[in-house]
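The values are calculated or read from the model by the stated rules, or taken from the named source; none is laboratory data. Small disclaimer: the values here were computed from a predicted structure and weren't measured. So basically every Cβ, Gly included, is an ideal-geometry build from the backbone, and we count neighbours across all protein chains shown. Accessible surface areas use protein heavy atoms only, side chains included; no ligands, DNA or RNA. Shrake-Rupley method; radii C 1.70, N 1.55, O 1.52, S 1.80 Å.
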Amino acid sequence: MSASMVRATVRAVSKRKILPTRAALTLTPSAVNKIKLLLLEKPEYIGLKVGVKTRGCNGLTYTLDYTKESDKSDEEVVQDGVRVFIAKKAQLTLLGTEMDFVESKLSSEFVFNNPNIKGTCGCGESFNI
């Protein structure tokens, strides 16, 4: 019995148009302003880190923490002078997401408008993809 061999060919491509990539996460102006205010109060931190963890009735929930340094597996998003780091586990779940900051009479919170979410729980804290 002989082992099958898989072949691959490499071609040099010239004059190929390189498409610009979108950031994994975009920030609204209100989110940028709030992050700037938060970081002014804590100058020892370089930005915020967004992650996900298993929690809630629907599977995943977002985490937000201050960070003093980035891990080499983090993806960095820089927008309007604000640095947001995305933890490795959260990178695929956040692709194409818009991060907003919303204030109402009863609450003020960051809101993630994520097109990848398939379902959320009733309170809106946990989601599944």
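Only one entry of Val78, Val111 meets the criterion of being modelled with pLDDT of 80 or more, part of a strand (DSSP E or B) and loosely packed, with under 14 Cβ neighbours inside 10 Å, and that entry is Val78. Exactly one residue out of Arg11, Arg22 is at pLDDT below 85, within 13 Å of the chain's Cα centre (by Cα) and either assigned to a loop (DSSP other than H, G, I, E, B) or not β-branched (Val, Ile, Thr) (or both): that is Arg22. Here Leu37, Leu27 are screened, and the one residue that is open to solvent by 90 Å² or more (accessible area, probe 1.4 Å) and modelled with pLDDT of 80 or more is Leu37. Looking across the stretch 47-58 at every residue that is open to solvent by 30 Å² or more (accessible area, probe 1.4 Å) and at pLDDT below 90, the one that is farthest from Ala87 (Cα to Cα) is identified as Cys57.
Select from the stretch 72-115 the residues that are farther than 13 Å from Lys34 by Cβ and among the hydrophobic types (A, V, I, L, M, F, W, C) and list them in ascending order. Once the filter is applied, which keeps residues that are farther than 13 Å from Lys34 by Cβ and among the hydrophobic types (A, V, I, L, M, F, W, C), the stretch 72-115 yields Val77, Val78, Phe85, Ile86, Ala87, Ala90, Leu92, Leu94, Leu95, Leu106, Phe112.
Among residues of the stretch 24-52 that are under 17 Å from Thr63 (Cβ atoms) and of a type in the set (A, V, I, L, M, F, W, C), those with a Cβ under 7 angstrom from a residue that is open to solvent by 90 Å² or more (accessible area, probe 1.4 Å) and part of a helix (DSSP H, G or I), sequence gap 6+ or separate chain, pair up as Val52/Lys89. Cβ-Cβ contacts under 8 Å between residues 6 or more apart (or on different chains), taken from a first residue in the stretch 59-76 that is more than 16 Å from Phe112 (Cα to Cα) to a second residue that is among the acidic types (Asp, Glu) and open to solvent by 70 Å² or more (accessible area, probe 1.4 Å), are listed as Lys68/Glu44; Ser70/Glu76.
In the set Glu44, Glu69, which member is at pLDDT 90 or above, in a loop (DSSP other than H, G, I, E, B) and of a type outside the set (Ser, Thr, Tyr)?
Criteria check complete, one pass: Glu44.
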